[in-house]
Amino acid sequence: MSDTPATDMGLVVVGAAGRMGQTLIRAIHTIPGARVIGAVERAGSPYLGKDAGELAGVGRIDVPIGDDPLPVFAKADGVLDFTTPASSVEFAGYAAQARIAHVIGTTGCSADDNAKIAAAARHAPIVKSGNMSLGVNLLAVLVEQAARALDADDFDIEILEMHHKHKVDAPSGTALLLGEAAAAGRGIALAGNDVRVRDGHTGVRKTGSIGFATLRGGSVVGDHSVMLAGTGERITLAHHAEDRAIFARGAVKAALWARGRKPGLYSMRDVLGLS
Ligand SMILES: NC(=O)C1=CN([C@@H]2O[C@H](COP(=O)(O)OP(=O)(O)OC[C@H]3O[C@@H](n4cnc5c(N)ncnc54)[C@H](OP(=O)(O)O)[C@@H]3O)[C@@H](O)[C@H]2O)C=CC1
Ligand SMILES: O=C(O)C1=N[C@H](C(=O)O)C[C@H](O)C1
């Protein structure tokens, strides 16, 4: 007997007119087993009423963009959400009520936002990750291994990221994910060992700290480098995102994986079998 569900997974894309929203609609169009059944934007959006497929450039799919998530969540199997922290918290509550899978790519969530999302995950499966690409999640595994292998007294860890000029949060969700991986490799918590900004007379570098540096400009999709800097040598592990389609394909994979799974908060490492 096959484990493949008999019907396509009906997905709602929230933030459907955004950079990732449109990329998701194009990705779902090409992936067997999933289809767009709803598209949501905020009240007052100039895109309300437009066909989500036409806006994304794949032609008419007869899914008009609306501003009320509740009726579309009620008939969906899953939600793809790359919006804002406050919106993702709200959508997590609705997806939990509807008992449907919720894939959250939104970054910049506070500890309070994450606690609310974790509470919603008691009722429905949620996959949340600062980066949905296979490449970055593999990179995180490599970073963890390198951080474990190289002693904090000998190698300093610094994480550099660059994104397009429209990005609103820093450090990026990916940089923090890589920082968590480095911290896990070192057997420490990232919180309390992270140095997110340097300015002025900073004093010497604290042994074992994990530094972050942020660049913003132009149309860069997402560049991340993790440097392990020793005396006389430096290792750099890096990922360069060239197309948002890598995140969208990962998000659809996560939704298909989460369909029918028991409630819980999952990561892309779970989805990709890299845990
Ligand atoms: N995890 C990952 O792999 C990735 C994560 N991201 C993250 O995804 C998020 C979105 O990125 P991006 O697509 O570039 O941003 P955009 O601003 O282009 O898109 C976000 C969209 O969500 C809409 N939106 C905001 N609030 C609501 C709401 N309450 N209901 C419905 N729609 C809403 C926005 O509308 P409006 O503009 O009118 O406010 C906008 O159209 C960011 O946090 C980013 O960091 C991005 C890429 C990959
Ligand atoms: O805002 C973006 O664009 C991206 N956000 C994610 C992040 O914060 O790391 C993922 C990707 O790098 C693109």
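The values are calculated or read from the model by the stated rules, or taken from the named source; none is laboratory data. Since this is a predicted model, take the numbers as computed values, not measurements. Ideal geometry is used to build each Cβ from the backbone, glycine not excepted, and the neighbour counts take in all protein chains shown. Note: areas computed on protein heavy atoms with side chains; ligands, DNA, RNA excluded. Shrake-Rupley method; radii C 1.70, N 1.55, O 1.52, S 1.80 Å.
Are any of the residues in segment 88-105 under 27 Å from His163 (Cα atoms), among the acidic types (Asp, Glu) and without any contact (Cβ under 8 Å) to a residue 60 or more places away in the chain? Talk me through it step by step, then tell me what you get.
Filtering segment 88-105 down to residues under 27 Å from His163 (Cα atoms) leaves 88-92, 102-105.
Restricting the remaining residues to those that are among the acidic types (Asp, Glu) gives 90.
Checking the rest, the ones that are also without any contact (Cβ under 8 Å) to a residue 60 or more places away in the chain come to 90.
Yes, that holds for at least one residue.
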Filter result for Asn137 (open to solvent by 40 Å² or more (accessible area, probe 1.4 Å), of a type in the set (S, T, N, Q), touching a Lys or Arg at 6+ places or on another chain (Cβ under 9 Å) and closer than 26 Å to Ser209 by Cα): no
Pair list, Cβ < 7 Å and 6+ apart or interchain, from segment 61-83 residues that are of a type in the set (Gly, Ala, Ser) to residues that are away from ligand 2 (no atom under 16 Å from the Cβ) and in a helix (DSSP H, G or I): Gly66/Val72; Ala74/Ala98; Gly78/Ala255; Gly78/Ala258
Residue ID - farthest from ligand 2 (Cβ to nearest atom), chosen from residues in segment 109-136 that are in contact (Cβ under 8 Å) with a residue 12 or more places away in the chain and among the charged types (D, E, K, R): Arg122
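For Gly15, indicate whether it is modelled with pLDDT of 95 or more, at positive phi, under 20 Å from the mean Cα position of the chain (by Cα) and within 16 Å of ligand 1 (Cβ to nearest atom).
Values: modelled with pLDDT of 95 or more: yes; at positive phi: yes; under 20 Å from the mean Cα position of the chain (by Cα): yes; within 16 Å of ligand 1 (Cβ to nearest atom): yes.
When the stated conditions are applied, Gly15 passes them.
Evaluate the following for Val36: is it more than 8 Å from ligand 1 (Cβ to nearest atom) and assigned to a strand (DSSP E or B)? Explain how you work it out, then say what you get.
On the way: more than 8 Å from ligand 1 (Cβ to nearest atom): yes; assigned to a strand (DSSP E or B): yes.
Considered against the rule, which asks whether it is more than 8 Å from ligand 1 (Cβ to nearest atom) and assigned to a strand (DSSP E or B), Val36 comes out as yes.
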Of all residues making up segment 225-264, the number that are surrounded by fewer than 19 Cβ atoms within 10 Å (Cβ to Cβ), closer than 30 Å to Ala95 by Cα and at pLDDT 95 or above: 7
Per-region count, segment 71-95, residues part of a loop (DSSP other than H, G, I, E, B) and either touching a Cys at 6+ places or on another chain (Cβ under 7 Å) or within 16 Å of ligand 2 (Cβ to nearest atom) (or both): 3
Qualifying residue in segment 130-139 (condition: more than 21 Å from Trp257 (Cα to Cα) and of a type in the set (Val, Ile, Thr)): no
